[in-house]
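Structure first, commentary second.
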Amino acid sequence: ATPTPSTAVPPVPPVPPVPAGPADGPAPAALDNLSTEDRRFPPDPAMIAQANVGSDVYAWASADRPDFWADQARELLTWTRPFTEVLDWSEAPFVRWFADGRLNAAYNAVDRHVEAGHGERVALHFEGEPGDTRTLTYADLQREVSRAANAMASLGVGTGDRVAIYLPMIPEAVITMLACARLGAPHSVVFGGFSAEALHSRIVDAAATLVVTADGGYRKGTPSALKPAVDEALAKGAPSVEHVLVVRRTGQTVDWTPGRDVWWSDVVDAASERHTPVDVDAEHPLFILYTSGTTGRPKGILHTTGGYLTQAAFTHRAVFDLKPETDVYWCTADIGWITGHTYVVYGPLINGATQVIYEGTPDTPHRGRWWEIVQKYGVSILYTAPTAIRTCMKWGDDIPASFDLSSLRVLGSVGEPINPEAWMWYRRTIGGDRAPIVDTWWQTETGAIMISPLPGVTSTKPGSAQVPLPGIAADVVDDEAKSVPDGAGGYLVVREPWPAMLRGIWGDRERYKDTYWSRFPGLYFAGDGAKKDADGDIWLLGRVDDVMNVSGHRLSTTEIESALVSHPSVAEAAVVGASDDMTGQAVVAFVILRAEAAALDRPAEEVQEELRRHVAVAIGPIAKPRQVLVVPELPKTRSGKIMRRLLRDVAEHRTVGDATTLADSSVMDLIAAGLSAPP
Ligand code: PRX
């Protein structure tokens, strides 16, 4: 019998009832305990009456998907050369949408609103963490973006050149992205929480010529430096980089490389506020965004202009029911993630929205900061992640209750499955039992929302993303790629190309085909397990590959394993995502020490802390394991593949499952024994 190491591993409370994604395929148990949820929240008649999108749109879209998207592209965007071609799938899985059309993303996001007489409308209400604020109208944004584009051009940035952006959530982040788009220079935003090493590999992979950064940003009440990470990254060798453009945010002292480093205030503030946007082809690259995959090397996901902007604008308008004249929209995502790209920068600005951007954390200087911001700006649409909702829930109802949240009319969720308990709390405590919740499923690769309820159409169900959007052919299939019947589980796929789909992995055509199109030929495989309930609604079950989801952030098990193995004390490492009440999943690492390191007999906590810190330095603090367990062996199949499923059982404090395919069945006993004894 396989022992349960119940005394060895601190108990980890399971996340009820949405299970974390098993790496070896959706676990039957996971499928069974779902969809006993029978609460329904039909849209309110007033919401239906005024909704941007009604139920008729599904039939319209499915009658001719490409034609539907072409209508959206014409209606929602301004083209300098109208397209005549719609969809080209002749070289599948490489796709082209609206390929003979030309346009500029920044013109669509900014200038045309000014030209239409909305220059005085607020585009950005910026709230800094220390309490400083800035308001930028669309006319202000046009001037700022034009200045930045002129300055970047003077630093040598031309159409097609890549620009790396490593900034806090300040207006300059949005301005820089749009300035890149204005020049037709693809941006590669690197989340400010990533390490110098992670930044370095991304700069080198994209061969960026300019890096835009800041001295630092405010986080949890203190200035947190960014420029030193850029210096360190460039010191590792990045020959493509000609300049570093530095925004002064915190006033921290910075090291300076003359000739290379340039202050934003010196070149941008001095530049002309007039700039003509560069027309580009619809398929011109708009940005690269790196994300974790199943191998150790992050993938540069490539998005282009016309199709991406079409779906960004359509989904933002339909899913959040945006009314640009009256709504105040707030998406809490950082621009370092795809959510920040599509639902802070492109979607809302293309639609002419007024939005809030906030630099800091929800608990600085107090745990009501978010609700204070909602009250202060009269936020009517809020889009955030389940992990944040669960955290606020833990802090208690009395905090949001002490603010006026009556302006909220639509609530969104993204990044990971939302458990029904958090969903209900969000609806009642934040949404006053009135605002519909839209649980939006999508990915860096899909570019924009793919599955979500519509606020004026769908009767919502706590915990389910429910229905593919109009124009999206998502489905759940079994191992043989056959569509599963209602009530059954399987793998989430997309059957037909969609406008915002990734155009590939930067510099690696083959990896794109292998990663997304080889598991089920002809179908895009998303990496997620899913189930259809009795009504045919889709429930997401988490990843079925070696990708973890920690607080809605995507992390690769392999990447963390490589980081651990790069430490001189570590011989072998296996990482799993274990269920965690607060973060959805948490990183748990199993390591075998090298004989020399083990012989030193150092206290376990010291070794564990050192390895946790090592991962934070290699990748970033978000990848830091919650636990590092030193073990004598790792469970492997006869072909040498680590059976993470068994390790997850250990990490989640469960009876270890079927271990019959192990090459050496005594390994799990050894691990249990090793865990109970000091390493
Ligand atoms: O597993 C799914 C989960 O997040 C993954 C995509 O991560 P990323 O590319 O970083 O993009 C996150 C923001 C769009 C998916 O494969 N995921 C995202 N949204 C949901 C979700 N899981 C369940 N429900 C969601 N609403």
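The values are calculated or read from the model by the stated rules, or taken from the named source; none is laboratory data. No experiment lies behind these values; they were computed from the predicted model shown. Positions of Cβ are backbone-derived with ideal geometry, glycine not excepted, and every protein chain shown enters the neighbour counts. Just so you know, the surface numbers come from the protein's heavy atoms only, side chains and all, with ligands and any DNA or RNA stripped out. Shrake-Rupley method; radii C 1.70, N 1.55, O 1.52, S 1.80 Å.
Observations
- Taking residues in region 399-425 that are open to solvent by 10 Å² or more (accessible area, probe 1.4 Å), and partners anywhere that are away from the ligand (no atom under 13 Å from the Cβ) and hydroxyl-bearing (S, T, Y), the pairs with Cβ atoms closer than 8 Å and at least 6 places apart or on different chains are A401/T429; S407/S380; R409/S380.
- Residue within region 181-196 that is without any contact (Cβ under 8 Å) to a residue 60 or more places away in the chain and under 20 Å from V280 (Cα atoms) present: yes
- Search result, residues across region 439-448 that are open to solvent by less than 20 Å² (accessible area, probe 1.4 Å), within 8 Å of the ligand (Cβ to nearest atom), assigned to a loop (DSSP other than H, G, I, E, B) and of a type outside the set (S, T, N, Q): E445
- Scanning region 396-419 for residues that are more than 16 Å from the ligand (Cβ to nearest atom) and part of a loop (DSSP other than H, G, I, E, B) gives G396, D397, S402, F403, D404, L405, S406, S407, L408, R409.
- Condition check for V379: surrounded by 22 or more Cβ atoms within 10 Å (Cβ to Cβ) and either modelled with pLDDT of 95 or more or of a type outside the set (G, A, S) (or both): yes
- The strands (runs of 3 or more DSSP E) falling completely within region 222-318 that include 3 or more residues that are over 18 Å from M152 (Cβ atoms) and either without any contact (Cβ under 8 Å) to a residue 40 or more places away in the chain or open to solvent by 10 Å² or more (accessible area, probe 1.4 Å) (or both) map to 222-225.
- Region 278-302 - residue that is within 23 Å of A105 (Cα to Cα) and in contact with an Asp or Glu (Cβ under 7 Å, 6 or more places away or on another chain) and, of those, nearest to the ligand (Cβ to nearest atom): I301
- For D545, the conditions (1) away from the ligand (no atom under 13 Å from the Cβ); (2) assigned to a loop (DSSP other than H, G, I, E, B); (3) of a type outside the set (A, V, I, L, M, F, W, C); (4) within 23 Å of G490 (Cβ to Cβ) are fulfilled apart from (1).
- Scan of region 79-96 for residues that are open to solvent by 80 Å² or more (accessible area, probe 1.4 Å) and of a type in the set (D, E), ordered by number: E85, E91
- Residues being in contact with a helix residue (DSSP H, G or I) (Cβ under 7 Å, 6 or more places away or on another chain), more than 17 Å from R317 (Cβ to Cβ), within 15 Å of the ligand (Cβ to nearest atom) and not hydroxyl-bearing (S, T, Y) - total across region 420-438: 2
- For region 327-336, the count of residues that are at pLDDT 95 or above, among the charged types (D, E, K, R) and over 21 Å from the mean Cα position of the chain (by Cα) is at least one.
- Looking across region 199-218, the residues that are hydrophobic (A, V, I, L, M, F, W, C) and either modelled with pLDDT under 95 or open to solvent by 10 Å² or more (accessible area, probe 1.4 Å) (or both) come down to V204, A207.
- Qualifying residue in region 593-601 (condition: in contact with a strand residue (DSSP E or B) (Cβ under 9 Å, 6 or more places away or on another chain) and crowded, with 17+ Cβ neighbours inside 10 Å): yes
- Residues that are open to solvent by 30 Å² or more (accessible area, probe 1.4 Å) and assigned to a helix (DSSP H, G or I), drawn from region 638-658: R645
- Any strands (runs of 3 or more DSSP E) falling wholly within region 97-194 and containing at least 3 residues that are open to solvent by less than 40 Å² (accessible area, probe 1.4 Å): 122-127, 163-166, 187-189
- Residues satisfying the stated conditions in region 46-57, i.e. open to solvent by 60 Å² or more (accessible area, probe 1.4 Å), assigned to a helix (DSSP H, G or I) and farther than 17 Å from L408 by Cα: A49, D56
- Only listed residue being open to solvent by less than 20 Å² (accessible area, probe 1.4 Å) and in a strand (DSSP E or B), chosen from A500, A530: A530
- Filter result for A574 (open to solvent by less than 10 Å² (accessible area, probe 1.4 Å) and within 15 Å of the ligand (Cβ to nearest atom)): no
- Any chance L502 is more than 30 Å from H614 (Cα to Cα) and modelled with pLDDT under 95: no
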